[in-house]
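> Pasting a structure below so you can have a look.
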């Protein structure tokens, strides 16, 4: 098979733009997520459910960023080399771990806001850690399944000649669309509940408004980053893309949407960490001689959730 039918060919100017974008993303992502992880592990005084989820999210984003240069380098491989399998395997693992953790945060918010009494028995840092551990196991298992299916179809790596027709695409779609449905449902439920919550004073009304804005921001970032990529994969799976021209078009669309999904590593840090009052207070501890009064877990939940 002619490799030009499965390879996205770009002008050198476009490749330079992609390179500059990837370098910028890598530097910003490492700085933002590295700082976030440092604050979560060294500055915060109390482990909460949100802190557990966000720490795991920062780890997943950092792992994806660390393997990004090797993954981009391996894109030139048209066969399953060890570097290709390792780097792209880690890349996929942490992409779908990020998706799973964002969904878990949304469910945690939903329980805290819509079912606060039931949430008291279900939400705890220990249970959040157990959920994160289960998600890591589940995503790793799905990657093993994907690897097995990739071997059956002729290759795991993105540029393998039969990779674009692989049934392993189904694993990717199952790793996105169900979490998307859960995230949309939980986000709408939380926003609706916040809108119906009576405000006893101006401060509480402002906190509720900011919490709703954060929920919307998280949902928009998730959809903008991940939906285009999985729409492209869905079209590929549904249509088969048997002609050379459509394969080249698909390869180009996949290249662009994959890079768009990588931006989630930086946007996670902005939306989940630096917009959170709890994170801001913890960051200020190192620069202030008088730490702010510690808020109750319920008030933190309102701000973060």
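Just so you know, all these numbers are worked out from the coordinates, no wet-lab data involved. Note that this is a predicted model, so its numbers are computed, not measured. Here Cβ is always computed from backbone atoms with ideal geometry, including for glycine, and neighbour counts include all displayed protein chains.
> Along the Cα→Cβ direction, 7 angstrom out, place labels at residue 173 and residue 70. What is the inter-label distance in nm?
For the pair residue 173/residue 70, the computed spacing is 3.1 nm.
> If you stretched the chain out fully between residue 20 and residue 201, how much longer would it get, using 0.36 nm times the residue separation minus the C-alpha to C-alpha distance? Intermediate results must be reported in sequence, preceding the final value.
Working: separation 181, 0.36 × 181 = 65.16 nm, distance 4.78 nm.
Stretched fully, the residue 20-residue 201 segment lengthens by 60.4 nm.
> Moving to a separate point now. Cut-off is 10 Å between beta-carbons; in what order do 257, 200 appear when sorted fewest neighbours first? Walk me through the numbers on the way to the answer.
Working: 257 19, 200 8.
Ordered by Cβ neighbours within 10 Å, fewest first: 200, 257.
> Using a simple spin-label model with points 7 Å from Cα along the Cα→Cβ vector, what separation in nm is obtained for residue 124 and residue 239?
5.2 nm
> Remind me, what semi-axes does region 19-104 give for its equivalent ellipsoid, largest first in whole Å, using sqrt of 5 times each Cα gyration tensor eigenvalue?
Values: eigenvalues 155, 44, 16 Å².
For region 19-104, the ellipsoid semi-axes come out as 28, 15, 9 Å.
> On full extension of the chain, what length is gained from residue 145 through residue 220, given 0.36 nm per residue of separation minus the C-alpha to C-alpha distance? Each step should come with its number before you reach the end.
Working: separation 75, 0.36 × 75 = 27.00 nm, distance 2.99 nm.
Separation in residues times 0.36 nm, less the Cα-Cα distance, equals 24.0 nm.
> Now, a different point. Expressed in nm to one decimal, what extension gain is obtained for the pair residue 210 and residue 45 from 0.36 nm per residue of sequence separation less their Cα-Cα distance?
Stretched out fully, the residue 210 to residue 45 stretch lengthens by 57.0 nm.
> Please report Rg over Rh for region 189-264, where both radii come from the alpha carbon positions and Rh follows the Kirkwood definition. Kindly include the intermediate steps, with their values, before the conclusion.
Numbers: Rg = 19.7 Å, Rh = 15.1 Å.
Checking Rg against Rh, the ratio lands at 1.30.
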